[in-house]
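Here is the structure we will look at.
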Amino acid sequence: MNPLLFLAGALAIFLLVSFLLWVFQRERKKTFNSSIEEFRAHLDAIAPHNRDNEGS
């Protein structure tokens with residue numbers, strides 16, 4: 001068997017298995033808006049807190 005053909009086959013198997021592992025191990029979102037809610041939660045976490053109610 002040609003060594004390059006063997007390496008190409010091994011690479012194809014490696015890429016296929018890596019893709020399958022990535023698909024099945026990634027975090028699944030519960031709802032359509034979950035990414036938006038996650039982004040909003042991160043914004044709330046870094047937003048400055050108005051402690052003395054200057055705007056009200």
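The values are calculated or read from the model by the stated rules, or taken from the named source; none is laboratory data. The shown structure was predicted, so the numbers you read here are calculated from the model rather than taken from an experiment. Note that we place each Cβ from the backbone using ideal geometry, even for glycine, and neighbour counts take in every protein chain shown.
Details
- Checking Phe24 against (1) modelled with pLDDT of 90 or more; (2) aromatic (Phe, Trp, Tyr); (3) loosely packed, with under 10 Cβ neighbours inside 10 Å, the condition it does not meet: (1)
- Restricting the first member to region 27-43 and to residues that are on the phi > 0 side of the Ramachandran plot and surrounded by 11 or more Cβ atoms within 10 Å (Cβ to Cβ), and the second to residues that are small (Gly, Ala, Ser) and assigned to a loop (DSSP other than H, G, I, E, B), no beta-carbon pair is closer than 8 Å while six or more apart or on different chains.
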